[in-house]
Amino acid sequence: MFEDKTIPDLTAAGVSSTEEAKPTPLEEEVVALFDQLQDRLMRYLFSTGVPVQDGEEIVQEVFLALFQHLQRGKSRRNLRAWVFQVAHNLSVKRYVTKLRDRKHLVDPGGAPEADSFVDRAPNPEDQLLRNQSHARLQSVFRALPEQDRRCLSLRAEGLTYREIGQILDMSLGAVALSLGRSLARFTRAEER
Amino acid sequence: MLSDNSHLSDQELLLAADGELPPARAGQVASHLAGCWTCRVRKGEIEASIGEFVHAYRGDLDPLLPSPAGPRALLKAQLAEMTAERAAAPPTWRTRWLHGPNPRYAGAALFLAVLALLIYLRPGFESRRAFHVVPVSFPEPSLTPGVAAGVNRDQICHSVPPKNRIVPASLQRRVFEEYGISGAEPRAYEVDYLITPALGGADDIRNLWPQSYSSAVWNARVKDALEDRLHDLVCDGRLDLATAQRDISSDWIAAYKKYFETDRPLQ
């Protein structure tokens, strides 16, 4: 999808300095992809409960990994799905690490973590609830199984069923079923 | 084929709305929809649900998006750093191959590559990741995510850990193997804890990586200064231990810039 895309000239938009070397074409390509995808990645991460600071760190890590991936001459096939897949894996990994650290790290004198991964307040979903006109939709969204929420969010970010399947390691049929199930719940909620 | 009396399932209507039906089936569904008010109305309802969801999703999450300017500038700086370090690193077989200066040697290079492949594939040859790109300032997240031991602030601040705990030689060898660094190169590296033991880092290979002494800017000595700084902040009660561990393991250069309030190492 992105392999044939013309890379926009970012030299004018970037931070420039007389001391800085001109970015290489590969650096420019990665920054161009960052410009195209970082909003979508952040929204996806927020929708799955990742706090803002963690989201920014994950996105940064994703594009550094992308740079290394391309530096090594690895596949350029569908970089959009690749980027979402790495972001998804990193967010899951952080979640698991935080759960483990919670068990092991007891800091008697310290305050609780400011940005707890799963029960921080306010979280994006809580903020969505503030909007009364969307409260019904949001309550349905929150009640969905985690995998269904992820499918829905990725579809809302414009990813195809095949890409969603790749990112979440699901079959095409499972993606279609998940989305169908979620939308049926929305429709039923609206009919009440 | 669809009979005149059957209706499309919601699943098929959704696949049709998303353009995910196989072409042959898409044609059948389109002609059914053209003649069936019931299915067309249902498809409209499904699309209305999608529209409402997207409206809520975007409308409420977009305001939470931070400005991308800072992360974008940080990314550009880190990419430039990685490019500079790669250029400074000894050329690997891959860089020689991709950027080889003289096409006259292409035939010889090809011969050597075939020879190497034959040796590599011969029975009994030990498989290893010798062609891994050698990192210098950044740990490979998949190899070195950083691991904390189960210790708390009191244990860290009321004991005196050795300044630079020696990593056992066997563990060092495993780290070099993981990162694909050959026998001649390790002297240029410090096998470093990503989360230093002085901040509760574990003696775990997932917390160890080969950091270059020769890196021009962000080298092992700079990271040592960051570790001292974070230890002082934690023990002075000005920084939470978990935050210090997270910051140094997720991006130690960004952590240095944050805690020293500078874009360059203070040396």
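The values are calculated or read from the model by the stated rules, or taken from the named source; none is laboratory data. Because the structure is predicted, anything quoted here is derived from the model rather than measured. So basically every Cβ, Gly included, is an ideal-geometry build from the backbone, and we count neighbours across all protein chains shown.
How about the stretch B:36-61: which of its residues are closer than 19 Å to A:ARG185 by Cα and more than 7 Å from chain A (Cβ to nearest Cβ)?
Restricting attention to the stretch B:36-61, the residues satisfying the condition of being closer than 19 Å to A:ARG185 by Cα are B:39, B:41-57.
Across the stretch B:36-61, the qualifying residues are B:CYS39, B:VAL41, B:ARG42, B:LYS43, B:GLY44, B:GLU47, B:ALA48, B:GLY51, B:HIS55.
Can you give me the number of residues within the stretch A:166-177 that are within 11 Å of chain B (Cβ to nearest Cβ) and buried (at least 18 other Cβ atoms within 10 Å of the Cβ)?
Here the count works out to 2.
Only residues that are in a helix (DSSP H, G or I), in contact with a helix residue (DSSP H, G or I) (Cβ under 6 Å, 6 or more places away or on another chain) and aliphatic (A, V, I, L, M): list them for the stretch B:220-259, please.
If the condition is that a residue be in a helix (DSSP H, G or I), in contact with a helix residue (DSSP H, G or I) (Cβ under 6 Å, 6 or more places away or on another chain) and aliphatic (A, V, I, L, M), then B:LEU226, B:LEU230, B:VAL234, B:LEU241, B:ALA244, B:ILE248, B:ALA255 are the ones that fit.
Can you name the number of the only condition in (1) in a helix (DSSP H, G or I); (2) modelled with pLDDT of 80 or more that B:ILE195 fails?
The number of the failed condition is (1).
With A:SER182, A:SER153, A:SER139 as the choices, which residue is touching a Leu at 6+ places or on another chain (Cβ under 8 Å), outside the structural domain of A:THR48 (by TED's automatic domain parsing) and at pLDDT 85 or above?
A:SER182
Restricting the stretch A:72-100 to residues that are surrounded by fewer than 19 Cβ atoms within 10 Å (Cβ to Cβ) and facing chain B (nearest Cβ under 8 Å), which is nearest to B:PRO68 (Cα to Cα)?
Top of the filtered list is A:LYS93.
Would a scan of the stretch A:63-75 turn up a residue that is of a type in the set (Gly, Ala, Ser) and either within 15 Å of A:PRO51 (Cα to Cα) or at pLDDT below 55 (or both)?
no
Among the residues that make up the stretch B:213-224, is at least one of them out of contact with any His (no Cβ under 7 Å at 6 or more places or on another chain), modelled with pLDDT of 80 or more and surrounded by fewer than 18 Cβ atoms within 10 Å (Cβ to Cβ)?
The answer is yes; a qualifying residue exists.
Looking at the stretch B:29-56, which of the residues that are over 25 Å from A:PHE141 (Cα atoms) and either without any contact (Cβ under 8 Å) to a residue 12 or more places away in the chain or surrounded by fewer than 15 Cβ atoms within 10 Å (Cβ to Cβ) (or both) is nearest to the chain's Cα centre (by Cα)? Explain how you work it out, then say what you get.
Filtering the stretch B:29-56 down to residues over 25 Å from A:PHE141 (Cα atoms) leaves B:29-40.
Applying the additional criterion that residues be either without any contact (Cβ under 8 Å) to a residue 12 or more places away in the chain or surrounded by fewer than 15 Cβ atoms within 10 Å (Cβ to Cβ) (or both) yields B:30-31, B:34-35, B:37-38, B:40.
Numbers: B:ALA30: 44, B:SER31: 48, B:ALA34: 49, B:GLY35: 52, B:TRP37: 51, B:THR38: 50, B:ARG40: 46 Å.
The residue in question is B:ALA30.
Do the conditions hold for A:LEU33, that is, is it in contact with a Gly (Cβ under 6 Å, 6 or more places away or on another chain) and modelled with pLDDT of 90 or more?
Values: in contact with a Gly (Cβ under 6 Å, 6 or more places away or on another chain): no; modelled with pLDDT of 90 or more: yes.
When the stated conditions are applied, A:LEU33 does not pass them.
Take the residues in the stretch A:31-47 that are out of contact with any helix residue (DSSP H, G or I) (no Cβ under 6 Å at 6 or more places or on another chain) and more than 9 Å from every other protein chain (Cβ to nearest Cβ); name whichever of them is nearest to A:TRP82 (Cα to Cα).
Only one residue fits best here, namely A:LEU33.
Here are some conditions: (1) within 14 Å of B:VAL151 (Cα to Cα); (2) away from chain A (no Cβ under 12 Å). B:ARG221 meets all but one. Which one does it not meet?
(1)
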